[in-house]
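What follows is one structure encoded as structure tokens, with my remarks underneath.
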Amino acid sequence: MSFDPDSQPPRRERDGLPSPHGAMGLGPDLFRLLVESVRDYAIFALDPTGRVLTWNAGAQRFKGYRANEIIGQHFSVFYGAEERAAGKPERELRVAAAEGRVEDEGWRIRKDGTRFWANVIITALRDTDGTLLGFAKVTRDLTERQALQARAIEDARRLAAEETAREAAERRTEDLRQVLERMQAQAAELRQRRQEAEAASRAKSEFLAVMSHELRTPLNAIGGYVDLILMGLRGPVNGEQEQDLQRVRRSQQNLLSLINDVLNFARLEAGGVSYEIAPVVLREVVESVLAGVEPQAAAKGLTLERPACPEDVVALADRDKLGQIVVNLLSNATKFTGSGGRITVTCEREAERALLRVADTGRGVPADQLERIFEPFVQLDASLTRTAGGTGLGLAIARDLARAMGGDLTVESQLGVGSTFTLRLPKG
């Protein structure tokens, strides 16, 4: 032992185990019988160095040792390895010797190595002269109580976690409610704006329809009177007058074409265009359009090449809308290809698509402008557009029509070499 059991203060009033010489008039034998018969408490004595002197039934029940197995051993065998290494058993004996008793709760070890939660009271035993005779040790097994406390603590933690989760859920619900309210407000605002935009679009479409009608009427009249004069119904026409009248006719036709482009684009934007989708032979559409474009190409000295277009290249499309796309592509190629250039029209099948390509040897389009040419009113070369005419709507209308029929219109181009427009439509 690391302490001197005889260097103690004078004998004081003891608590804990009653005197072994008798309690409440009990004789020594009866008292011993009482201690040894108790099964709910481990009650045994230690010598001043901590070795086991006595062993009762409760001690055997709690700790698993029989009396002949434990008497003479040091009581530190009941402690875990860490507590033994820290000197806890000896420290408790020193405190009990100095203060009369020590009480502790903690894990203790049974003979089979299992643990139980124990309440331990160690009481110093002294004779009438105050000499330390040993220690009385009383142990209670509180494992069940400890488990209940642990469960209570765990339940409290669980409830706290659930409460925290509930509060977090309520905060999230409130946040979501606020987000939903903002989204609903935004949706209402968007509906209002859409209704206003639709109303504005309808007003624009109605305005364009009225204006186109109002403009077409005098333009058609101009064309009619020019034809009458050229036919000589108003009298003889000399050569200079005929040239002037031809210029008037070309201007009238250009202006009428511009009005038709604006009106068609307005209808597309407003969703007012209907489609009659059916199988269409591309060759038939190409031939009919080329017949109208050839005079313009010849006037500019352009060569129109049309390799054989197979009869079995069939697209699912609206025939009139397909013809409008081809007219736009060929007119665009004719307009922007210089004199002596070449325009080539081909068609073929590709997987589930029918393809029509219009290639030219014009000036080409810069790579960073390839998508812009499909935007409404975009004219990359204003000076050329003023000379050749146009609103910048032809390609925008052509792509919108192609996509509305389940296809697409794309372009590949190289400056100084030319451009190739590819129309892809579902195969018929």
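Within segment 393-424, count every residue that is surrounded by 16 or more Cβ atoms within 10 Å (Cβ to Cβ), more than 34 Å from the chain's Cα centre (by Cα) and among the aliphatic types (A, V, I, L, M).
8
Given the conditions (1) more than 21 Å from residue 259 (Cα to Cα); (2) at pLDDT below 85, report the number of the one that residue 210 does not fulfil.
It is condition (1) that residue 210 fails.
How many residues are at pLDDT below 90 and either among the aliphatic types (A, V, I, L, M) or in contact with a Gly (Cβ under 8 Å, 6 or more places away or on another chain) (or both) when one looks only at segment 60-72?
The number of residues fulfilling the criteria is 0.
May I ask you to verify whether residue 194 is under 30 Å from residue 104 (Cβ atoms) and modelled with pLDDT under 90?
no
Among 357, 363, 353, which is within 14 Å of residue 413 (Cα to Cα), under 42 Å from the mean Cα position of the chain (by Cα) and of a type in the set (D, E, K, R)?
357
Going by the structure shown, is residue 240 among the acidic types (Asp, Glu), at pLDDT below 90 and exposed (fewer than 10 other Cβ atoms within 10 Å of the Cβ)?
The answer is yes for residue 240.
Taking residue 337 as the residue in question, decide whether it is crowded, with 16+ Cβ neighbours inside 10 Å, modelled with pLDDT of 85 or more and either touching a strand residue (DSSP E or B) at 6+ places or on another chain (Cβ under 6 Å) or over 30 Å from residue 310 (Cα atoms) (or both).
Yes; evaluated as a whole, the condition is true for this residue.
Residue check: is residue 276 within 27 Å of residue 326 (Cα to Cα), outside any helix (DSSP H, G or I) and at pLDDT 80 or above? Before the answer, list the steps.
On the way: within 27 Å of residue 326 (Cα to Cα): yes; outside any helix (DSSP H, G or I): yes; at pLDDT 80 or above: yes.
For residue 276, the condition - within 27 Å of residue 326 (Cα to Cα), outside any helix (DSSP H, G or I) and at pLDDT 80 or above - is met.
Check residue 52 against each of (1) surrounded by fewer than 18 Cβ atoms within 10 Å (Cβ to Cβ); (2) at pLDDT 95 or above and name the one condition it does not meet.
(1)
Assuming residue 298 fulfils every condition listed in (1) modelled with pLDDT of 85 or more; (2) under 49 Å from the mean Cα position of the chain (by Cα) apart from one, which condition is it?
Going through (1) modelled with pLDDT of 85 or more; (2) under 49 Å from the mean Cα position of the chain (by Cα) one by one, residue 298 breaks only (2).
Only one of 245, 180, 233 is part of a helix (DSSP H, G or I), modelled with pLDDT under 90, out of contact with any Pro (no Cβ under 8 Å at 6 or more places or on another chain) and not aromatic (Phe, Trp, Tyr); which?
Sole residue among the options that is part of a helix (DSSP H, G or I), modelled with pLDDT under 90, out of contact with any Pro (no Cβ under 8 Å at 6 or more places or on another chain) and not aromatic (Phe, Trp, Tyr): 245.
The values are calculated or read from the model by the stated rules, or taken from the named source; none is laboratory data. Predicted model only: the values in this text are computed from it and were never measured. A quick note on method: Cβ atoms are made from the backbone with ideal geometry, for glycine too, and the neighbour counts reach across all protein chains shown.
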